[in-house]
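The values are calculated or read from the model by the stated rules, or taken from the named source; none is laboratory data. This structure is a prediction, so every number in the text was calculated from the model and none was measured. In this analysis, Cβ positions are derived from the backbone assuming ideal geometry, glycine residues included, and neighbour counts consider all displayed protein chains. Calculation scope for accessible area: heavy atoms of the full protein, side chains included, ligands and nucleic acids excluded. Shrake-Rupley method; radii C 1.70, N 1.55, O 1.52, S 1.80 Å.
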Amino acid sequence: MSKGIFVVIEQVNGKVQNVGLELVGESTRLKEDLKDDVVAVLLGHNMESQVDKLFHYGADKVILVDDAMLENYATEPYTKAITAIVNEYDPEIMLFGASSIGRDVAPRVASRVKTGLVADTTGLRMAKTEAEFAKEASMGCTDPTRALLMTRPAFGGNIMATLMCPRTKPQMATVRPGVMKRIEKDTTKTGELIKFPIEFTAADMNIEILDVVKADKKSVDLTEATMIVSGGRGVGNAEGFSYIRDMADALGAEVGSSRACVDAQWIEKDRQVGQTGKTVRPLLYMACGISGAIQHVAGMENSEVVISINKNESAPIFEVSDLGIVGDLKVILPKLAEAVRKYKEAKASN
Ligand SMILES: Cc1cc2nc3c(=O)[nH]c(=O)nc-3n(C[C@H](O)[C@H](O)[C@H](O)COP(=O)(O)OP(=O)(O)OC[C@H]3O[C@@H](n4cnc5c(N)ncnc54)[C@H](O)[C@@H]3O)c2cc1C
């Protein structure tokens, strides 16, 4: 019988990336229903120092493949290693980040082990109701109590579709970074380390890595931000983003944007929040001059606190906001920024 919730962990420069820890966290939640172990699959070179971290964030086991060929991500050796692990362990579920690495390797593994893949999911849960069991069974699933329901936006984000993979294993999905939550770190937790040897040959490396270039420092990772101030078409033009930047500066927040402003070239693409941009989960998200289209909301609705400023009191963004301010952002933001700065100064002098 297929067994285990496997998570392919991404590493860059030998450091485990957040998306893997988020998926391990989500797997511990799936485990409450499935009762299988959470197994982290770590590929790289000299990565043993990272193994404990995976236990601390919820993995019961870590399968480590160590080889110089795996030091940097390369399609063929990674595909070969993950495929070998699937063939050896027959996982029930296998999760990847919907990052550039996950998007490259997951479909190849799915194709080699002849199973399905649901890309870009935003929600995962085990089937629970009689109706869900019946649906799975009618589609040929032999044990519907172990069926994974995978939800993702479809038809341009206008509906959320829930998909199943009833007849083949593993049930595979890629999950967007920032969507799932890590669990609280527990430094006392340990687990089983399994070293999985793979024989690579020169033919497995069908590319040559000439240089690894670090991303431009100016590019941001909004998925890591604790506070984001986002501007929408309501800022008026590229210069209008000065109101957003000033507010972000006062708070110590990152600047985000709706797609409308990215399309208008008022701001860079890596600032875009939403279905075709970043999925963010900050403690504070401020939506300024953003109407609240479903595609934008899909990327920010899991923020802890949402504050919106909009001239139109019926703007849909208010439906997902904890606090809504009806008015002109160009009047409200400078006042708010000044108040924040005064508050910080007063706090610092106490
Ligand atoms: C397949 C697909 C994918 C998409 N992906 C994304 C995505 O990832 N992210 C995304 O954001 N969008 C995405 N979109 C676009 C989305 O549908 C909306 O068109 C877009 O989010 C609208 O941006 P906006 O809210 O800035 O602009 P608008 O909808 O034009 O809203 C502007 C808002 O500003 C308010 N306003 C105007 N002036 C002021 C002022 N002075 N002060 C305060 N408020 C003011 C207005 O009342 C209005 O509510 C996608 C669309 C499709 C079809």
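Let's see how each residue does on (1) over 26 Å from LEU149 (Cβ atoms); (2) in contact (Cβ under 8 Å) with a residue 60 or more places away in the chain; (3) open to solvent by less than 40 Å² (accessible area, probe 1.4 Å); (4) not assigned by TED's automatic domain parsing to the domain that holds ASP104:
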site: LEU23; (1), (2), (3), (4): no, yes, yes, no
site: ASP33; (1), (2), (3), (4): no, yes, no, no
site: LEU42; (1), (2), (3), (4): yes, no, yes, no
site: VAL62; (1), (2), (3), (4): yes, yes, yes, no
site: ASP66; (1), (2), (3), (4): yes, yes, no, no
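Are any residues in region 275-310 surrounded by 21 or more Cβ atoms within 10 Å (Cβ to Cβ), over 16 Å from GLY178 (Cα atoms) and more than 7 Å from the ligand (Cβ to nearest atom), and if so, which ones?
Selection gives MET286, ALA287, VAL306, SER308.
Provide a single number: the residues in region 234-265 that are more than 19 Å from GLU301 (Cα to Cα) and open to solvent by 70 Å² or more (accessible area, probe 1.4 Å). Lay out the reasoning, then the answer.
At the first step, the residues of region 234-265 found to be more than 19 Å from GLU301 (Cα to Cα) are 234-252, 261-265.
Filter once more, keeping what is open to solvent by 70 Å² or more (accessible area, probe 1.4 Å): 239, 243, 245, 249, 263, 265.
Counting residues in region 234-265 that are more than 19 Å from GLU301 (Cα to Cα) and open to solvent by 70 Å² or more (accessible area, probe 1.4 Å) gives 6.
Being in a helix (DSSP H, G or I), out of contact with any strand residue (DSSP E or B) (no Cβ under 8 Å at 6 or more places or on another chain), in contact (Cβ under 8 Å) with a residue 12 or more places away in the chain and surrounded by fewer than 17 Cβ atoms within 10 Å (Cβ to Cβ) is the filter here, so list the residues in region 85-107 that pass it.
ASN87, GLU88, ASP104
Looking for something more than 16 Å from the ligand (Cβ to nearest atom), surrounded by 13 or more Cβ atoms within 10 Å (Cβ to Cβ), of a type in the set (Gly, Ala, Ser) and in the same structural domain as ASP33 (by TED's automatic domain parsing) - is there at least one such residue anywhere in region 136-148?
Scanning region 136-148 turns up at least one residue that is more than 16 Å from the ligand (Cβ to nearest atom), surrounded by 13 or more Cβ atoms within 10 Å (Cβ to Cβ), of a type in the set (Gly, Ala, Ser) and in the same structural domain as ASP33 (by TED's automatic domain parsing).
Specify the residue that is modelled with the lowest pLDDT; the eligible residues are those in region 212-226 that are touching a strand residue (DSSP E or B) at 6+ places or on another chain (Cβ under 8 Å) and either surrounded by 19 or more Cβ atoms within 10 Å (Cβ to Cβ) or of a type in the set (S, T, N, Q) (or both).
Checking each candidate, the answer is THR223.
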